[in-house]
Amino acid sequence: MRRKLVAGNWKMNGNLAANSALLYELVAAIGHAAPCDIAVCVPAPYLALCQQQLTNTAIAWGGQDLSAHEAGAYTGEVSATMLTDFRSHYVVVGHSERRAMHGENNALVAQKTVRALRAGLVPIVCVGETLSEREAGRTMQVVGDQLNAVLALLEPADLTRIVVAYEPVWAIGTGKTATPDMAQEVHAGLRQLLAAQDALAAAGICILYGGSMKPDNARELMAMADIDGGLIGGAALKSADFLAIIAASSNH
Ligand code: 13P
């Protein structure tokens, strides 16, 4: 059985004092033993804080994006090795906010995924359809194209080292969640695409759901066969909510 992963995506929130307090509360509650894998994906300036406060705890950390380039004249960008310098384990790649607001297309997301893997990071590859794409019946086509663009660049061994996150764009930050059945249908479709590459690896790949996952809906979402955890935005900013979602990951 796949171990669940609950990952917080803090997005561009908080400040030094608040983020440090949040990490402190999480460590105090979780310590070294956790019912699932746990991670926080933080703005790059707070990676050192994570290293300071989370080393030797059950909580891993990571970035929210990385450059497709190795190094050089790319003002404002953060490289894969800068993330690993601070012992990041994960990096979110291809989040819909970056696709929509920073023009990231499937090809760039695929390059970033490879860059992350080559640096030893675990990429959390995000896919998801907009409301109009869903209403046009194109959900599987859209998320399939997004995932296949990444798979096309991977070496066979990479497949065991990626996490996939299904985040319907219309559910992010809106309070609208995909129903467990709706999400499960897409997750199963994504796993089928992964299985077309390598059935054994596909069975072990963690596929997260993201989009208004909260303490009150997390349990039923994570009870679905192909939902292996959550990528949590707003609810990851309050320790009580994030901890409740972590608690909801057990007993499946
Ligand atoms: P919300 O949980 O705030 O809807 O955000 C989800 C998300 O985008 C996580 O990456």
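Worth pointing out:
- Estimated at the nearest 10 Å², the accessible area of MET222 is 0 Å² with a 1.4 Å probe.
- Environment charge at GLN141 (Cβ cut-off 15 Å; Lys +1, Arg +1, Asp -1, Glu -1): -3
- The simple spin-label model puts a point 7 Å past each Cα toward its Cβ; for ALA203 and ARG3 those points are separated by 1.9 nm.
- Taking the centroid of alpha carbons for each part, segment 9-87 and segment 103-169 are 21 Å apart.
- The accessible surface of the chain, taken with every protein chain in place and a 1.4 Å probe, is 54 percent carbon and sulfur.
- Test item: Cα-centred dipole of the chain, Lys/Arg +1 and Asp/Glu -1 on Cβ, debye: 300
- Lysine pairs meeting the criterion (Cα under 21 Å, 8 or more apart or interchain), as found in the chain: 9
- Summarising the strand pairing of segment 118-252, around 0 percent of its internal DSSP beta bridges are antiparallel.
- You can think of it this way: the chain between ALA73 and ALA225 has 50.2 nm of extra reach, that is 0.36 nm per residue less the Cα-Cα gap.
- Placing unit charges on each Cβ (+1 for Lys and Arg, -1 for Asp and Glu) gives segment 70-139 a dipole about its Cα centre, and among GLY72, MET101, LEU117 the Cα reaching farthest toward its positive end belongs to LEU117.
- Pairwise FRET efficiency - ALA240 versus GLU135, Cβ, R0 = 45 Å, nearest 0.05: 0.80
- Distance (nanometres) between label positions extended 7 Å along Cα→Cβ at ALA33 and ALA195: 3.6
- Extension gain, ALA18 to ASP145: 0.36 nm times the residue separation minus the Cα-Cα distance gives 41.9 nm.
The values are calculated or read from the model by the stated rules, or taken from the named source; none is laboratory data. Because the structure is a prediction, the values reported are computed rather than measured. Because the Cβ atoms are built from the backbone with ideal geometry, glycine has one as well, and the counts that use them run over all protein chains shown. Areas reflect the complete protein model, heavy atoms only, side chains present, ligands, DNA and RNA absent. Shrake-Rupley method; radii C 1.70, N 1.55, O 1.52, S 1.80 Å.
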